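**Student:** Structure in structure tokens, see below.
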Amino acid sequence: MSSSKTNPGRTNQKLYFAKLQQDLLVQVLAEQRFDTEAKALSCREAVIFHLHGAYLAFQQELCSFYKLPLHLDSSEALRLAMAAKGQVSPEVTLLQQWEADPASWLAQMEQAHAEQLRASAAVVVQPEPEDEEAQLEIAAGASRLLSGISIVHTDVDLPLSEPDLARLSLWHQALTQAIREFRREMMEW
């Protein structure tokens, strides 16, 4: 394989990383420790980050397959580059349909990723213990461990619940299945 071609292994790796973080998220939520919320949000964000990375890596696979420049980083850029060459990709067409439909798994996954990148959507949440002794204990431990770091929620972070876990799992399964089907079709072509 030449160095100009992308490696489908990178797409697979990002899907695997997302699954690892998803599994860790389930474990963290079951622990119910003082730092559960921060760890869970970290895992959730990592799942979304890796799923988005898998989506981008798959787009690079499409660039390689259709002999397009590898720097293209969106389905629209792929479509435009293909149109300039007189090509049409059924994969890109379907990806764009999913991206345009707010109810689709891909549009929701990409929206969650975009929300993570928008600091303006963030709300800082400071835990407020019920009694003064607990506040002092947390303050002392937090100052040693976290040096003033606060947990930041975005609109899509709330709540960390069964429906949220199911949504992350759905995104992972749908992306994995779409990539498998697209690869199978590209091999037949």
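**Student:** Would the range 52-63 turn up any residue that is modelled with pLDDT under 90 and either buried (at least 17 other Cβ atoms within 10 Å of the Cβ) or farther than 17 Å from LEU175 by Cα (or both)?
**Tutor:** Of the residues in the range 52-63, the ones modelled with pLDDT under 90 are none.
So far as the range 52-63 goes, no, none of its residues is modelled with pLDDT under 90 and either buried (at least 17 other Cβ atoms within 10 Å of the Cβ) or farther than 17 Å from LEU175 by Cα (or both).
**Student:** Being without any contact (Cβ under 8 Å) to a residue 40 or more places away in the chain and on the phi > 0 side of the Ramachandran plot narrows it down to one of GLY9, GLY86, GLY53, so name that one.
**Tutor:** Details: GLY9 fails: on the phi > 0 side of the Ramachandran plot; GLY53 fails: on the phi > 0 side of the Ramachandran plot.
The conditions single out GLY86.
**Student:** Here are the criteria: (1) over 17 Å from MET186 (Cα atoms); (2) modelled with pLDDT of 90 or more; (3) surrounded by 11 or more Cβ atoms within 10 Å (Cβ to Cβ). Tell me which single one ILE138 does not satisfy.
**Tutor:** The one condition ILE138 does not meet is (2).
**Student:** Could we say that LEU80 is surrounded by fewer than 15 Cβ atoms within 10 Å (Cβ to Cβ), in the same structural domain as LEU168 (by TED's automatic domain parsing) and under 23 Å from PHE182 (Cα atoms) here?
**Tutor:** Numbers: surrounded by fewer than 15 Cβ atoms within 10 Å (Cβ to Cβ): yes; in the same structural domain as LEU168 (by TED's automatic domain parsing): yes; under 23 Å from PHE182 (Cα atoms): yes.
Judged against the criteria, LEU80 is a match.
**Student:** Here's a follow-up. With respect to GLN60, is the statement that it is in contact with a Leu (Cβ under 9 Å, 6 or more places away or on another chain), free of Cβ contacts under 8 Å to residues at least 60 places away in the same chain and within 16 Å of THR176 (Cα to Cα) true? Give the steps one after another, and end with the answer.
**Tutor:** Working: in contact with a Leu (Cβ under 9 Å, 6 or more places away or on another chain): yes; free of Cβ contacts under 8 Å to residues at least 60 places away in the same chain: yes; within 16 Å of THR176 (Cα to Cα): yes.
Criteria met by GLN60.
**Student:** For the range 1-38, how many residues meet the condition of being at pLDDT 90 or above and charged (D, E, K, R)?
**Tutor:** 4
**Student:** Continuing with the same structure: Could you list all residues from the range 12-50 that are charged (D, E, K, R) and either assigned to a helix (DSSP H, G or I) or in contact (Cβ under 8 Å) with a residue 12 or more places away in the chain (or both)? Before the answer, list the steps.
**Tutor:** At the first step, the residues of the range 12-50 found to be charged (D, E, K, R) are 14, 19, 23, 31, 33, 35, 37, 39, 44-45.
Residues satisfying the conditions are LYS14, LYS19, ASP23, GLU31, GLU37, LYS39, ARG44, GLU45.
**Student:** Go through (1) acidic (Asp, Glu); (2) at pLDDT 90 or above; (3) within 27 Å of LEU165 (Cβ to Cβ) for GLU76 and report which single condition fails.
**Tutor:** (3)
The values are calculated or read from the model by the stated rules, or taken from the named source; none is laboratory data. Note that this is a predicted model, so its numbers are computed, not measured. Ideal geometry is used to build each Cβ from the backbone, glycine not excepted, and the neighbour counts take in all protein chains shown.
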